[in-house]
Amino acid sequence: MLMNPDKTTFSKLVVIGTSWGGIDALKALLGRLNAPFTFALVVVIHQERHKKSHLSTIFARMVPFPVLEAEDKQQILPGNMYISTPNYHLLVEQDGTLSHTIDSAVNFCRPSVDVLFQTAADAFGDRVIAIVLTGANQDGAEGAKWIQQRGGKVYVQDPKEAEAKVMPLATIAKIDVDLIGNLDTLALTLNNLERKT
Amino acid sequence: MPKYQNDEDYDIHALLEVIYLKWGYDFRGYSKASLTRRIFFFLQEERIDRIPDLQYRIVRDRALFSRFIKDVTVNVTEMFRDPSFYASVKQHIIAQLKTYPHIKIWHAGCATGEEVYSLAMLLDQEGLLDRATIYATDINRSVLDRAKKGIYSDSHLSQYQQNYRDAGLKGDLLDYFEKGYDHVIVDSRLRKNIVFTEHDLVIDHVFGEMQLIFCRNVLIYFTRALQDKVIGLFTESLDFGGYLCLGIKESLDFFNGRAMYTAVDADHRLFQKTSTKG
């Protein structure tokens, strides 16, 4: 697929999935990113389903780039981060917008990391980079497989460092991942994307 | 930029065109990512290998098409989904409804009916149930049949009871149910003013003069263009001063006539039609 080198199109789409321990891991990872960047970040994090989430506000105060709770049919812009809403799946559309559903839970999760990863892979193929962080269930492993099958890359937080190992281990067990590293390494890898482009 | 990204994308578009031509159901304005997922699940269920095979068969097999509608449009719902939303309706909307001698309410996309009965319970506690008529509609006949019966598995009952309390209703959810062995049945008193009927937001027309329209977590399944069209339909169906209530992830942002509405509670997506000019 051809890339539009304009300011409204992201260079890479970085999709992140996490669950148990995810808030601390994200804080550490995001705090190490050099902003502004030309990729876009979309994050699914499992949260309590009936509580309004304040994560986007919390992260936005910590980092020098925009962090937004994903709105339905919102255009994904480079340099921004979008975060899931409890009790809604978060999906990527082919036109580069985000969408939501209340379809059944996947892996007992809504939002599900698999749903984000699979739709991102379908929409943007080899422009997708998935990052699997700490988490206490296997959500994300199947989606990571789709991403690789469609030419994207899969990076996993080193299970030794992760607060909950199940999610990273499930992905490592399912596919030959492109990188296993601690949060420092993952941040460095994202920062290096900017040099290559 | 080619119109279709790849062959699979082309197959989906062709399938939707054929379904529209043959059966008159129009899915062409649905958001693609989730629709594609549900179509692939349907292929698995039916043990059909490829979309072109489905396309061939769905033209010739009415029963297959009925199952397609049932599976592809099915929405998941629950009693008092987002309890704080119901608390907000109680706080912001009920007082005005009390000023009308008769209230017409349209619940669009009611699925299996849990939220329709949630609203009916709220109206009952406010003394409004007897002068209200609720038109509960959905595109999917099989979920409407279930909504009409008002029989629900008791597996989520404790969650629903919690939601009921969090929404600020008095007493206990079970006051409105008859308890069966592994299910509950909605009290017939709640059901008597509800009219369940098939309606497709995409192709069907305006639905009378309503004082309140509920359409929650339906618009997220539509593209911006279709959202604009459907909200236009609601706007035509809504009395001046009437209320439109959407899901937490839905907004009027893509609606041309945004200026006709005032947000009563923006966080909970409650809007009032306060002007007839867009």
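Rule-based calculations on the coordinates, nothing more; no lab input. Bear in mind the structure is a predicted one, so any value in this text is a computation, not a measurement. Glycine also receives a Cβ, built like all others from the backbone with ideal geometry; neighbour counts cover every protein chain displayed.
Some observations on this one:
- Bridge orientation summary for the protein assembly as shown: considering DSSP beta bridges with both residues in this region, about 30 percent are antiparallel.
- Spatial offset of segment B:8-24 relative to segment B:158-200 amounts to 38 Å, using the alpha carbon center of each.
- Helix B:114-125 vs. chain B, principal-axis angle (Cα, 0 to 90°, nearest 10): 10
- Between the beta carbons of A:LEU77 and B:LEU21, assuming R0 = 41 Å, the FRET efficiency works out to 0.65 to the nearest 0.05.
- For segment B:94-110, putting each phi into the Karplus relation 6.51 cos²θ - 1.76 cosθ + 1.60 with θ = phi - 60° gives couplings of 4, 4, 5, 4, 5, 7, 8, x, 9, 10, 10, 10, 10, 9, 8, x, 7 Hz, in residue order, rounded to whole numbers and with x for Gly and Pro.
- Euclidean distance of C-alpha centroids, segment A:96-124 and segment B:69-144, integer Å: 28
- Candidate lysines - alpha carbon under 21 Å from B:LYS98, same-chain residues fewer than 8 apart omitted: B:LYS90, B:LYS170, B:LYS192, B:LYS273
- Taking A:MET81, A:MET167, A:MET62 in turn, the Gaussian network model of chain A (Cα-Cα springs below 10 Å) assigns the largest fluctuation to A:MET62.
- Taking other C-beta atoms within 10 angstrom as a stand-in for reagent exposure, B:PHE240, B:PHE40, A:PHE10 fall in the order B:PHE240, B:PHE40, A:PHE10, fewest first.
- Put a dot 7 Å past the Cα of B:LYS148, heading toward its Cβ, do the same for B:GLU45, and the two dots end up 2.1 nm apart.
- Label separation (B:ASP172 vs A:LEU188): 6.0 nm, computed from points 7 Å beyond Cα along the C-beta direction.
- Cα→Cβ-extended label distance, 7 Å offset, between B:LYS179 and B:THR99, nm: 4.3
- Look at the alpha carbon pairs under 8 Å that are at least 6 residues apart: their mean separation over the length of chain A gives a relative contact order of 22 percent.
- Report note on the peptides A:170-180, B:56-66: ranked by the mean count of other C-beta atoms within 10 Å, highest first, their order is A:170-180, B:56-66.
- Dividing the summed helix terms, -39500 (n - 2.57) for each DSSP H run of n ≥ 4, by the number of residues in chain A produces a 222 nm estimate of -9500 deg cm²/dmol to the nearest 500.
- Across the alpha-carbon atoms of segment B:168-223, the computed radius of gyration and Dmax are 16.2, 43 angstrom.
- Exceeding the 26 Å Cα-Cα cut-off - candidates B:LYS104/B:LYS277; A:LYS153/B:LYS70; B:LYS229/B:LYS249: A:LYS153/B:LYS70
- Note on segment B:219-278 and segment A:146-197: Cα centroid distance 42 Å, given to the nearest whole angstrom.
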